[in-house]
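Here is the structure we will look at.
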Amino acid sequence: MAPAQGQFSDHSDSADSKDKDAAEDPPVPPAFRSAVDALRSARLRPELEVETTRPPQRLAPHAYALEAAVVDGEDDLADGRLVLLHDPAGHDAWQGAFRLVTLVRAELEPEMAADPLLPDVCWSWLTGALDARGLSYGEAGGTVTRAGSHYFGALSARRPATQIEIRASWTPREGRGGVPDAAAHLMAWGDLLCQIAGLPPSDPTDAAVVTLPQRRGPQVS
């Protein structure tokens, strides 16, 4: 299993960037630096390819972002983005000083796409992934969107495609030193990505986990 590696980033490109005037940016709080270090050292499933990406700049004073894909050969079965936000002063809507924001998406098989309970199931995968790792969190909210595409004319040979998209955020509860268990939250997020991609759970004895049929072929964007 490969660790999530990458350069440390705050609300600009990097906390160590030489291209900006350090006086223009607030100092990086130790709690945020510790949380990011934990993200970078997390051990993830081998099917996941993870890299850092430019974080959003206006959601919080400090942010760090990762992109990941569940890869099978040359095909991406699912992909997503996870952003860690930090406001040392706290945030009323978050009920804490940290917030995790995610986007996860995958293409579905037609029989799964037609299931009217699919959005509820997908949301339960997110909360179930967090609960399965014993994580404490609050203020979870988000949307599950199902979008279908039908092809015509020169593209009529393509099969109809349906994509599921989960947008969500939650507040990880802070532990010692005001630092959440960021690595465990990242691993839970990786579990969600693999589950929406149709992979079996990492623990094959966990019969309580419902999985999608494993998919083949690249995503339709």
Open item on the list: Which of the numbered conditions does residue 82 fail, given that it passes all the others? Conditions: (1) touching a Phe, Trp or Tyr at 6+ places or on another chain (Cβ under 7 Å); (2) more than 25 Å from residue 196 (Cβ to Cβ).
Closed with: (2)
Task: Filter result for residue 48 (in contact with a helix residue (DSSP H, G or I) (Cβ under 8 Å, 6 or more places away or on another chain) and closer than 14 Å to residue 186 by Cβ) - done: yes
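Filter the stretch 46-70 down to the residues that are open to solvent by 20 Å² or more (accessible area, probe 1.4 Å), in a strand (DSSP E or B) and not acidic (Asp, Glu) and list them by number.
Of the stretch 46-70, the ones open to solvent by 20 Å² or more (accessible area, probe 1.4 Å) are 46-47, 49-54, 56-59, 61, 67.
Checking which are in a strand (DSSP E or B) leaves us with 49-53, 67.
Residues satisfying the conditions are 50, 52, 53.
Let's see how each residue does on (1) out of contact with any helix residue (DSSP H, G or I) (no Cβ under 9 Å at 6 or more places or on another chain); (2) buried (at least 17 other Cβ atoms within 10 Å of the Cβ):
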| residue | (1), (2) |
| --- | --- |
| 120 | yes, no |
| 176 | yes, no |
| 186 | no, yes |
| 191 | no, yes |
| 194 | yes, yes |
TODO: Would you point out the residue of the stretch 77-96, among those that are surrounded by fewer than 22 Cβ atoms within 10 Å (Cβ to Cβ), of a type in the set (A, V, I, L, M, F, W, C) and in a strand (DSSP E or B), that is modelled with the highest pLDDT?
DONE: 83
Open item on the list: For the stretch 109-124, check the following and say yes or no: at least one residue is farther than 17 Å from residue 142 by Cβ, of a type outside the set (A, V, I, L, M, F, W, C) and at pLDDT 95 or above.
Closed with: no
TODO: Return a yes/no flag: does the stretch 144-156 have any residue that is within 21 Å of residue 82 (Cβ to Cβ), open to solvent by 30 Å² or more (accessible area, probe 1.4 Å) and of a type in the set (Val, Ile, Thr).
DONE: yes
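Determine, yes or no, whether residue 73 is surrounded by fewer than 21 Cβ atoms within 10 Å (Cβ to Cβ) and more than 17 Å from the chain's Cα centre (by Cα). Can you show your working first?
Numbers: surrounded by fewer than 21 Cβ atoms within 10 Å (Cβ to Cβ): yes; more than 17 Å from the chain's Cα centre (by Cα): yes.
Yes: the conditions hold for residue 73.
The values are calculated or read from the model by the stated rules, or taken from the named source; none is laboratory data. Since the model is a prediction, treat every value here as computed from it, not as a measurement. Neighbour counts run over all protein chains shown; Cβ positions are idealised from the backbone, glycine included. Calculation scope for accessible area: heavy atoms of the full protein, side chains included, ligands and nucleic acids excluded. Shrake-Rupley method; radii C 1.70, N 1.55, O 1.52, S 1.80 Å.
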